[in-house]
Amino acid sequence: MNILFHIGRYLEFLGHVFGRPERMSLYGRRVSEEVDQLGVKSLGIVALLSVFMGAVITIQTASNIDAAWIPDYVVGFTARQSVILEFSPTIISLILAGKVGSNIAAEVGTMRVKEQIDALDIMGVNSASYLILPKIVAAMLINPFLIVISMFLGIFGGWAVSALTGVVAPNDYIQGLQWDFDPFTVTYALIKTVVFAFIITSVAAYHGYHTHGGALEVGRSSTTAVVFSSVVILIANYMLTQLLLI
């Protein structure tokens, strides 16, 4: 029953977030600030993970192909499909759920325990919309760019390790990248990214917004936000894959 309580309160929370917005000029400035905070400052960890994961996928694929009848370009094909379909949109989103989601929950939770949110409500400001909506919009705008960069760097990492180590010829790797490419896989990945961005920001903000107590409860809300958003991302990943690819 506890999970049903949270689902109901979460839906009610979203109603407040998208209801009675403040002046649009305020949102424009806040969205640009959140784009920098949630997206640009996450670029470093996204780039680092993408390059090394692309390299690892390439090495593992090449080392596990023992049959002579399997062409070498399969390594590039496997790396491309793994990065585009699952690694960049899903694994990177899970990483962002830990980095960005915990920050959002801690920020909003701290404002709640310091009664700053109550002060906004007393002044007649829709605090949920003013604080949370710019974060949701910013993440849904910037995360697709992060994922596209992740895709490029993941594939580049695979090419770089093939050129440096010789596990597969770079020409064969590039041939695999081009073989049987379906542009819809990129569309599918970006659709997932937008949905995951909404989940990360809204679930984290929900837990922060409903924090009560002190610093200890803020820490608990931050941890709970990461766990819940990660679980919801995995469930949404399964549902979107079932709807879009099958």
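General observations
- Qualifying residues in region 42-76 (those that are buried (at least 19 other Cβ atoms within 10 Å of the Cβ) and hydroxyl-bearing (Ser, Thr, Tyr)) - the one farthest from Ala139 (Cα to Cα): Tyr73
- Residues of region 38-76 classified as assigned to a helix (DSSP H, G or I), without any contact (Cβ under 8 Å) to a residue 60 or more places away in the chain and farther than 23 Å from Glu86 by Cβ, total: 1
- Screening Gly176, Gly219, Gly208 for residues that are surrounded by 15 or more Cβ atoms within 10 Å (Cβ to Cβ), out of contact with any Leu (no Cβ under 7 Å at 6 or more places or on another chain), within 30 Å of Ile70 (Cα to Cα) and not hydrophobic (A, V, I, L, M, F, W, C) leaves exactly one candidate, Gly176.
- Flag if Leu164 is closer than 26 Å to Phe18 by Cβ and surrounded by fewer than 23 Cβ atoms within 10 Å (Cβ to Cβ): no
- Within region 47-98, considering residues that are among the acidic types (Asp, Glu) and over 18 Å from Pro170 (Cβ atoms), the one nearest to the chain's Cα centre (by Cα): Glu86
- Per the listing Phe152, Phe181, the residue uniquely of a type in the set (Phe, Trp, Tyr) and assigned to a helix (DSSP H, G or I) is Phe152.
- Cross-chain or 6+ apart pairs with Cβ under 8 Å, region 83-104 first and touching a residue at least 40 places away in the same chain (Cβ under 8 Å) and of a type in the set (D, E, K, R), then surrounded by fewer than 19 Cβ atoms within 10 Å (Cβ to Cβ) and part of a helix (DSSP H, G or I): Lys99/Ile45
- Restricting attention to region 180-207, the residues that are at pLDDT below 90 and over 18 Å from Phe152 (Cβ atoms) total 1.
- Meets criteria (buried (at least 17 other Cβ atoms within 10 Å of the Cβ) and closer than 18 Å to Ser50 by Cα) for Tyr188: no
- Residue that is nearest to Leu43 (Cα to Cα), among those in region 134-191 that are in contact (Cβ under 8 Å) with a residue 24 or more places away in the chain and among the charged types (D, E, K, R): Lys135
- All positions within region 4-19 that are of a type in the set (A, V, I, L, M) and either closer than 14 Å to Val203 by Cβ or touching a Ser or Thr at 6+ places or on another chain (Cβ under 6 Å) (or both): Ile7, Leu11, Leu14, Val17
The values are calculated or read from the model by the stated rules, or taken from the named source; none is laboratory data. Everything numeric here is computed off the predicted structure, so don't read it as measured data. Heads up, the Cβs are rebuilt from the backbone with ideal geometry, glycines too, and the neighbour counts pull from every protein chain shown.
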